Amino acid sequence: MGRLVVISNRTANLGKNTQIGGLAVGIVDALRKQGGLWAGWDGSVVDDAAAATTKIQTHGNVTTLTTALTSEEHEKYYLGFSNRVLWPAFHYRLDLMDYRMEFADSYSATNEKFAELIRGHLRDDDVIWVHDYHLIPMAAELRKRNCKNKIGFFLHIPFPSADIFSAVPRHEWLRYCLLQFDLIGFQTVNDVHNFHRYLKEHSDAAIISPEVVRVNDRTINIGHFPIGIDVQQFAKASARTDDTIELERMRRKVLQRFQVISADRLDYSKGLPHRMKAFRKFLEICPEYQGHADYLQIASPSREDVTAYSDIKAELEQLAGAVNGRFADFNWAPIQYINRNIPREKLAPLFRSSLVGLITPLRDGMNLVAKEYIAAQDDKDPGILILSKFAGAAEELSEALIVNPYDISEVAGALKTAVAMPLEERQLRHRKLLKRITDHDAQWWQRQYLQALQRGDQHPTANERVA
Ligand code: GDG
C-alpha cells in the first residue's frame, strides 16, 4: 500500500505535547497508520509571493508540507471565495454571500499554486485525500499535472439543496471540479441526496446507483461518512479533576443550581442568538428556575476579518447583556458568555459538569461538540443533549432531544423537558448515544472513507456500511 497524502486548508501541529482535537484526530490517526504527507497552508500571511517559503517537517512517518498565503490570497481565496461565498451559501445563507469575480479567480489560482507545490512531492502509488470547501478544484489541478492517483474529497460542511448550490456563481465549474475526484464523501445521507438532486437537475451525469455516478469516461463514487471523535480520549479528559470546575460544580449543588452549556466557534451558522433567546424564553415560561439555571456559552473567536462575524459578535454581546440585565440578581446572573478560546483540557470537564448540552446550529455539516458532550458524561448521572435537527449529527443521534433551532418556544420547551428528565431516562438515552458515537468514532470514519477510496467502484452500499 502506498502513502496517504492529505491536503487540507490547515494542517495540525504534529510536534510533541500538542493536544489534537476536532477533525484532526481522524486524519492524524490515518496518517500515522499508513505513513504519509500532510500538505496545506501554514497559517501565516506574507506580503508577496517571494516571501512565502515552503516548510517541510518530519514527525516519525508523517511529513508536513506547508506554505504561507500572500495577503492577496488570504483576502480573496480564503476570506473571499471560501468564507464569503462558499461558507455562507453551503450553510443556506445566500443573503450573506458576497461574490466578486476576483475572489473566484484567486480561489482557482491558489488551488493551482498548492497543486503545483504538492505535485513535485507525489509518488505514483500515493492515495490522496483532499478536505473541505477551500480545495474543491484540487483534483482538477492535479489531473492537469498528469496525476493519475486515486483522489478523494471529503466535504466537512453541508452540501446544500440544488436550488441553493445552483445560486453560487460558477457552480458549473465547481461541479466539473468535484467530478474530477474518484470519491466524493459527505457527512450525511441528506447531503448525498442534495448532491444527486443537483446533478439530476443541472448536469448530464448518469446516476448509476446511489453510490456511483458516471460522466463522460469517468466513474465517481459517492458516499456518506459521518465524522466521529476520539471518544476514549475525550472521556478520559472529562474525568480528570479540575479544581476550579469541581469547586463550581459543588457550589451549584449546594445552591441547587444546574448548568446548561454550549461551545462553538463564533459563527452565524451556529445559531447563537436564537439559542440565547430560547434560554430567555425558558426563564420566562419556567420562573421557578430563575436563580437556578446557569447558561455558559463559550464562543471561540473565528474569522473576525469578515463583517458577518463581527456583526454576530456585537449582537450576542448585546443580547447576553440584555438577558442578564433583566433577570440577574445580586448573587446570580443567568448567562456567562465567554468570547475566548478555552483550553481543550478544560472543555471536557466543563461538559461533564453540565446537566444540558445545548447544541442548536441553524446548519452544520456534523457538529463534533454534540459528540464530545456525550463522550464527556458520567454514565451514572449523565446530562442530556438538546440538538438541532439541522446539525448533521442529528441523523445519528436520535436519542437526543431534537429541536428546530428557529422555533424559540420549542427549544425553550426542550430545556424544560431536559432539566426535569428522570435519571433512568437520561441514562437510557445516554447509553444508546454513547454506543453510537463509540461505534462510529474518528477511526471508524477514516477507515470507512479510505477503504471506499482504495476499493474504488465496488464499495458497499451506505446501509451496509452503517449497519
Ligand atoms: C467543521 C464543520 C464538522 C470549540 N470551542 C472551543 C474548542 N472547540 C472545538 C470543539 C470541536 C471543534 O472545536 C468544533 O467542531 P465542530 O464540528 O463543532 O464545528 P466546526 O469548527 O464548524 O467544524 C462541522 C467539522 O468541521 C468536522 O467535520 O463537524 O459541521 O462546520 O472539537 O471542541 N476547542 C477549544 N477551545 C474552545 O473554546 N480548545
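Run the 1.4 Å probe and let me know the accessible area of S310, rounded to the nearest 10 Å².
Approximately 60 Å² for this residue.
Under 5 Å between amide H atoms, partner at least 5 residues away or on a different chain: which partners does A68 have, H built in plane at 1.01 Å?
Residues meeting the criterion, in which the H sits 1.01 Å from N, are D42, T53.
Students often check this: by mean Cβ neighbours within 10 Å, which of 115-125, 389-399 ranks highest, and how do the rest follow? If you can, show how the numbers build up before the last one.
On the way: 115-125: 14.4, 389-399: 21.4.
So the order, starting with the most tightly packed, is 389-399, 115-125.
How big is the Cα convex hull of the range 109-212 in projection, averaged over all directions, in nm²?
Values: hull surface 26.7 nm².
Approximately 6.7 nm², given one-decimal rounding.
Where does the chain land at 222 nm, in deg cm²/dmol rounded to the nearest 500, when only DSSP H runs of n ≥ 4 count, each adding -39500 (n - 2.57), divided by all residues? Display every interim value, and only then the final one.
Details: 17 runs with 189 residues, N = 467.
It comes out at -12500 deg cm²/dmol, rounded to the nearest 500.
Pull up all non-local amide H partners of L362: gap of 5 or more, or a different chain, and H-to-H distance under 5 Å with H placed in the peptide plane.
Distant-sequence amide H within range of L362: K270, G271.
Per 0.36 nm of contour for each residue apart, how much would the distance between R123 and D217 grow if the chain were fully extended, relative to their Cα-Cα spacing?
Stretched out fully, the R123 to D217 stretch lengthens by 31.4 nm.
Nearest 10 degrees is fine. How inclined is helix 24-34 to the longest principal axis of the chain, computing both from alpha carbons?
Tilt relative to the chain: about 40 degrees.
Roughly to the nearest percent, how much of the accessible area of the range 106-161 is carbon and sulfur, given a 1.4 Å probe?
Values: 840 of 1770 Å².
Here carbon and sulfur together make up 47 percent of the probe-accessible area.
For the range 78-90, just list the computed ³J(HN,Hα) in residue order, Karplus coefficients 6.51, -1.76 and 1.60, θ = phi - 60°, integers in Hz, with x standing in for Gly and Pro.
Once rounded to whole Hz, the list reads 7, 6, x, 5, 5, 9, 10, 10, 5, 4, x, 5, 5.
If I compute solvent accessible area with a 1.4 Å probe over the protein chains, what percent of it on the range 231-439 is carbon and sulfur? Provide the component values of the computation, followed by the final result.
Details: 4590 of 9080 Å².
Answer for the range 231-439 is 51 percent, counting heavy atoms of protein chains only.
Step through the residues of the range 310-325 one at a time and calculate ³J(HN,Hα) from phi using the Karplus curve (6.51 cos²θ - 1.76 cosθ + 1.60, θ = phi - 60°), rounding each to whole Hz and writing x for Gly and Pro.
Karplus-based 3J(HN,Hα) across the range 310-325 equals 6, 5, 5, 4, 5, 4, 5, 4, 5, 5, 4, x, 5, 5, 5, x Hz.
Which of the peptides 225-236, 425-436 is most tightly packed, and how do the rest follow, judged by the mean count of other Cβ atoms within 10 Å per residue? Write down the numbers at each step before the final one.
Values: 225-236: 21.7, 425-436: 16.8.
Output ranking for 225-236, 425-436: 225-236, 425-436.
Provide the per residue accessible area, probe 1.4 Å, for the chain, rounded to a whole number of square angstrom. Intermediate values should be presented prior to the final figure.
Values: 19410 Å² over 467 residues.
That works out to 42 Å² for each residue.
Considering all projection directions equally, how large on average is the shadow of the alpha-carbon convex hull of the range 195-241, in square nanometres?
Working: hull surface 20.3 nm².
So the Cα hull casts an average projection of 5.1 nm².
Based on the Kirkwood radius over alpha-carbon pairs, what is the Stokes-Einstein translational diffusion coefficient of the chain at 37 °C with 0.692 mPa s viscosity, in µm²/s? Show your work: numbers first, answer last.
Values: Rh = 23.2 Å.
Here the translational diffusion coefficient equals 141 µm²/s.
Using alpha-carbon pairs under 8 Å, 6+ residues apart, how would you state the relative contact order of the chain in percent? Display every interim value, and only then the final one.
On the way: 879 pairs, mean separation 67.3, N = 467.
Averaging sequence separation for qualifying contacts and normalising by length gives 14 percent for the chain.
Which of the peptides 67-76, 245-254 is most tightly packed, and how do the rest follow, judged by the mean count of other Cβ atoms within 10 Å per residue? Can you show the working numbers first?
Details: 67-76: 19.2, 245-254: 12.8.
Those peptides, ordered most packed to least, come out 67-76, 245-254.
The values are calculated or read from the model by the stated rules, or taken from the named source; none is laboratory data. Predicted model only: the values in this text are computed from it and were never measured. No Cβ is skipped: glycine too gets one built from the backbone with ideal geometry, and neighbour counts run over all protein chains shown. Keep in mind that these areas ignore ligands, DNA and RNA; they rest on the heavy atoms of the full protein, side chains included. Shrake-Rupley method; radii C 1.70, N 1.55, O 1.52, S 1.80 Å.
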